[in-house]
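K.L.:
Below are the structure tokens for one structure; questions will follow.
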Ligand code: ATP
Ligand code: MG
């Protein structure tokens with residue numbers, strides 16, 4: 001019989017095995033710490049449960065990313081047991097305890113006071129565990145668990161909904177969404193992330209209350225939207241945002257992609273929305289936010305540049321890449337994404353049509369194309385762009401072959417000469433400097449100049 005041997009497993013694939021091993025160890029540590037904290041509270045006579053996401057994830061056999069605790073102890077009582085804890089959230093009943101290198105939120109059972117602005121409760125009142133469960137958003141998020149026995153405490157029928165794979169608002173869905181409109185986005189985030197359906201009455205209430213999302217701070221909408229896009233089921237998430245009417249209030253430009261016809265000879269899959277949605281689905285593995293946003297927005301300029309060319313009997317979208325980059329900038333600024341994200345996404349949107357030309361570029365141009373910081377992300381965008389439409393892979397394959405061909409040296413090697421050298425040669429600093437240095441680099445990338453002395457001779461000949 002073969003028994004599991006950690007050392008052998010590590011030898012087979014040391015990096016992967018170590019990563020898994022470390023992650024498991026950390027997760028066990030996290031769980032152990034959460035249990036320790038719970039026991040400290042229990043020993044002092046307080047009730048303390050694991051609450052919310054971590055209970056849900058455990059039942060779904062997903063590794064919880066953190067453990068939140070809910071307790072009958074008041075913030076003052078928690079602070080007595082954990083004097084070094086951070087009491088910044090005590091006003092809302094939340095104490096942050098650092099334990100064995102990790103942070104845990106310990107929240108006193110509470111009900112939320114009245115909401116007057118669909119954003120935040122006016123006040124909180126400490127309450128029973130059952131009341132605390134009912135103030136939570138969805139039944140799947142309303143479960144508690146005893147840390148020592150693992151027993152599930154379910155006041156909201158959350159367990160059944162987890163089995164049925166349903167996102168259902170706790171209590172009256174209309175009231176819950178009018179209380180806090182961020183829950184509209186959260187419902188779609190959980191449906192997307194967990195691949196759950198949204199229960200009918202909850203779904204109807206989302207559609208009815210979608211306009212309330214305007215009361216929510218852009219940063220919070222953006223955070224939920226990004227989580228939806230980072231989920232592997234992002235295309236379904238986008239569809240839910242469209243069908244619920246939510247996207248209309250923060251990214252209405254997407255709606256213009258629906259019904260925007262494309263030339264069938266290049267796009268047998270259908271309109272721009274279908275094309276975009278298929279691309280979102282085709283992205284593989286871990287993706288960056290910038291890549292997903294670039295895929296989402298790469299053809300955002302198409303509706304406005306749509307034209308029909310009767311001579312060739314075909315639809316065209318001339319300039320949709322540059323207009324798309326401008327639109328992407330406007331949209332992402334409006335959604336308050338970081339400058340880094342905006343710059344990367346806009347660069348990718350602006351460049352996405354240039355892939356068609358790579359096979360006809362000079363070597364120097366190909367090298368510059370490949371050395372752009374977003375190149376690797378753009379390759380993935382290009383792969384799914386073609387994969388979801390014409391199926392052409394020749395540009396992708398060409399670039400991958402070039403990567404191998406150029407692998408032995410840096411794509412952009414150290415310059416052969418500098419501005420100082422030009423001054424030494426008697427040239428006066430000015431706009432021509434850049435032109436000369438660029439020209440020298442081009443010759444170098446083409447493999448025609450390899451030494452500084454050759455570069456100097458070349459300059460004397462040409463300038
Ligand atoms: P994740 O694993 O994505 O963090 P989570 O369920 O832990 O999911 P959080 O946003 O961390 O979600 O919130 C923790 C818990 O707090 C939720 O499970 C839910 O019970 C409750 N909660 C969070 N936000 C709200 C809200 N806006 N309205 C009601 N309850 C909420
Ligand atoms: Mg959480």
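Here is a yes/no grid of residues against (1) without any contact (Cβ under 8 Å) to a residue 40 or more places away in the chain; (2) in a strand (DSSP E or B); (3) within 13 Å of ligand 1 (Cβ to nearest atom):
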residue	(1), (2), (3)
64	yes, no, yes
83	yes, no, no
97	no, yes, no
104	no, yes, yes
132	no, no, yes
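K.L.:
Contact list please: Cβ distance under 9 Å, first residue in the range 199-214 and outside the structural domain of residue 137 (by TED's automatic domain parsing), second residue modelled with pLDDT under 95, pairs at least six apart or on different chains.
P.N.:
Listed pairs, sorted by first residue: 209/118; 212/118; 213/118.
K.L.:
Right, something else. Right, residue 445: within 30 Å of residue 291 (Cα to Cα) and not assigned by TED's automatic domain parsing to the domain that holds residue 297 or not?
P.N.:
yes
K.L.:
Tell me the residue from 267, 275 that is outside any strand (DSSP E or B), farther than 24 Å from residue 210 by Cα and within 22 Å of the chain's Cα centre (by Cα), please.
P.N.:
275
K.L.:
Does the range 183-198 contain at least one residue that is at pLDDT 95 or above, touching a strand residue (DSSP E or B) at 6+ places or on another chain (Cβ under 6 Å) and within 16 Å of ligand 2 (Cβ to nearest atom)?
P.N.:
Yes, that holds for at least one residue.
K.L.:
Which count do you get for residues in the range 73-100 that are under 24 Å from residue 120 (Cβ atoms) and buried (at least 19 other Cβ atoms within 10 Å of the Cβ)?
P.N.:
Residues in the range 73-100 being under 24 Å from residue 120 (Cβ atoms) and buried (at least 19 other Cβ atoms within 10 Å of the Cβ): 8 in total.
K.L.:
To continue, here is another question. Can you pull out every residue in the range 60-73 that is in contact with a helix residue (DSSP H, G or I) (Cβ under 9 Å, 6 or more places away or on another chain) and more than 15 Å from ligand 2 (Cβ to nearest atom)?
P.N.:
71, 72, 73
K.L.:
I'd like the full set of residues that are closer than 20 Å to residue 40 by Cβ and surrounded by fewer than 18 Cβ atoms within 10 Å (Cβ to Cβ), limited to the range 50-72.
P.N.:
Residue satisfying the conditions is 66 alone.
K.L.:
Return yes or no: is residue 183 surrounded by fewer than 19 Cβ atoms within 10 Å (Cβ to Cβ), more than 19 Å from residue 64 (Cβ to Cβ) and under 23 Å from the mean Cα position of the chain (by Cα)?
P.N.:
So residue 183 fails the test.
K.L.:
Follow-up question, since we're still on this one. Quick check: anything in the range 140-147 in contact with a helix residue (DSSP H, G or I) (Cβ under 7 Å, 6 or more places away or on another chain) and away from ligand 1 (no atom under 14 Å from the Cβ)?
P.N.:
Within the range 140-147 (the criterion being in contact with a helix residue (DSSP H, G or I) (Cβ under 7 Å, 6 or more places away or on another chain) and away from ligand 1 (no atom under 14 Å from the Cβ)), the answer is yes, since at least one residue qualifies.
K.L.:
Something else now. Among 173, 211, 263, which is more than 22 Å from residue 338 (Cα to Cα) and in contact with a strand residue (DSSP E or B) (Cβ under 6 Å, 6 or more places away or on another chain)?
P.N.:
Answer to the check: 263.
The values are calculated or read from the model by the stated rules, or taken from the named source; none is laboratory data. No experiment lies behind these values; they were computed from the predicted model shown. Here the Cβ is made from the backbone with ideal geometry for all residues, glycine too, and neighbour counts use every protein chain on show.
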